[in-house]
Amino acid sequence: MYLKDYYQILELEPSASLPEVKKAYRKLAKQYHPDKNNNDPYATALFTDIKEAYEMLSDPAKKEYYLQQRWYHQSTGNRKTQEVITPVTVLKQALELEQYVSKIDVFRMDKMGLQQYIMDLIPDTSIEKLHQFNEPDTIRQIVSILLHAIKPLPPIYTKDIFIQLKKLSDKDPVATEQLNIFIRQRQKKSHREKYSLVVIIILTIIISLFIYLLGR
């Protein structure tokens, strides 16, 4: 699971004092405020994270809780941190995931872990932010890459992922059709596998019965 690095967002070291946090916030908030960037969605996304980082690190109780999370996150060997949510950063993470999946043994894959990773990558909050950018081409790429990454997953693990992907592609007919085609193909494949299993069982019974009758 990803954890935001609020110190990195404010361009500070973890040892930064409260006055340093305030100074960094004022500087970055002024630089990335939507009003100064013609409401550019990338600047708005970064401004939102800057504000969130300041609220977390300037409140003693929130900061203590965050530092506990940060310590646990790092002590368990999970060094991944969540970047600002934009189509480009999510696309980057999707590409990293696809490359990782292509290198692992499908039969020894942590299927539940892969499912959870994707669910953490495109929760409802992230999807809402991605829709604000109005970048359908990038969204299509994200959908395409994630569909490729989940190919090894059995249907039981893809149901919730499909729900999130439908939300992500909801505003783009091309991405929606791409997703629907993939789902139909998966359903057909699943049906074929079920029928194949039934045929194998029936053939096994027939052959066993035939051998039994020959042996009498």
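Values quoted throughout were computed directly from the atomic coordinates according to the rules given, and no laboratory measurement underlies them. This structure is a prediction, so every number in the text was calculated from the model and none was measured. We place every Cβ from the backbone using ideal geometry, glycine too, and count neighbours over all the protein chains shown.
Would you please classify the overall shape of region 77-203 from the alpha carbon gyration tensor, given that a ≥ b ≥ c denote the square roots of the eigenvalues, rounded means a/c under 1.5, and beyond that prolate means a/b larger than b/c while oblate covers the rest?
Details: a/c = 2.63, a/b = 1.53, b/c = 1.72.
In terms of gyration-tensor shape, oblate.
3J(HN,Hα) along region 177-184, derived from phi through the Karplus expression 6.51 cos²θ - 1.76 cosθ + 1.60 where θ = phi - 60°, amounts to 5, 4, 5, 4, 4, 4, 5, 4 Hz, with x in place of Gly and Pro. Per-residue Karplus couplings for region 18-25, computed as 6.51 cos²θ - 1.76 cosθ + 1.60 with θ equal to phi - 60°, are listed in order as 4, x, 5, 4, 5, 5, 5, 4 Hz, Gly and Pro entered as x.
Relative contact order for the chain using alpha-carbon pairs under 8 Å, separation at least 6, rounded to a whole percent? Please report the intermediate quantities before stating the final value.
Values: 156 pairs, mean separation 39.1, N = 216.
Relative contact order, the chain: 18 percent.
Between the helical axis of 136-149 and the longest alpha-carbon principal axis of the chain there is an angle of about 50 degrees. Give the shape of region 137-216 as rounded, prolate or oblate, defined through the alpha-carbon gyration tensor: a ≥ b ≥ c are the square roots of its eigenvalues, a/c under 1.5 means rounded, and otherwise the shape is prolate if a/b is larger than b/c and oblate if not. Note, shape of region 137-216 comes out prolate. Amide H to amide H, with H built 1.01 Å from N, residue 4 comes under 5 Å of 82, counting only residues 5 or more places away or on other chains.
Return one number: the angle in degrees, 0 to 90 and rounded to the nearest 10, between the long axis of the Cα atoms of helix 155-168 and the longest principal axis of the Cα atoms of the chain. Rounded to the nearest ten degrees, it is 40.
Based on Cα contacts under 8 Å between residues 6+ apart, region 114-187 shows a relative contact order of 42 percent.
Could you order the peptides 86-95, 33-42 from most to least packed, using the average number of other C-beta atoms within 10 Å per residue? Kindly include the intermediate steps, with their values, before the conclusion.
Working: 86-95: 18.5, 33-42: 12.8.
Going from most to least packed, we get 86-95, 33-42.
A protection proxy built from the mean count of other Cβ atoms within 10 Å ranks the segments 5-11, 209-215, most packed first, as 5-11, 209-215.
Given the pairs 159/188; 23/63; 111/171; 22/62; 23/62, which span a C-alpha to C-alpha distance of over 27 angstrom in this model? Intermediate results must be reported in sequence, preceding the final value.
Details: 159/188 15 Å; 23/63 17 Å; 111/171 29 Å; 22/62 15 Å; 23/62 19 Å.
Checking Cα-Cα distances, 111/171 exceed 27 Å.
Treat every Asp and Glu Cβ in region 85-216 as -1 and every Lys and Arg Cβ as +1, leave all other atoms uncharged, and give the resulting dipole magnitude about the Cα centre to the nearest 20 debye. Intermediate results must be reported in sequence, preceding the final value.
On the way: 18 positive and 14 negative charges, 152 e Å.
Result for region 85-216 is approximately 740 debye, rounded to the nearest 20.
Computed from the Cβ-Cβ distance with R0 of 25 Å, the FRET efficiency linking residue 58 to residue 38 stands at 0.35.
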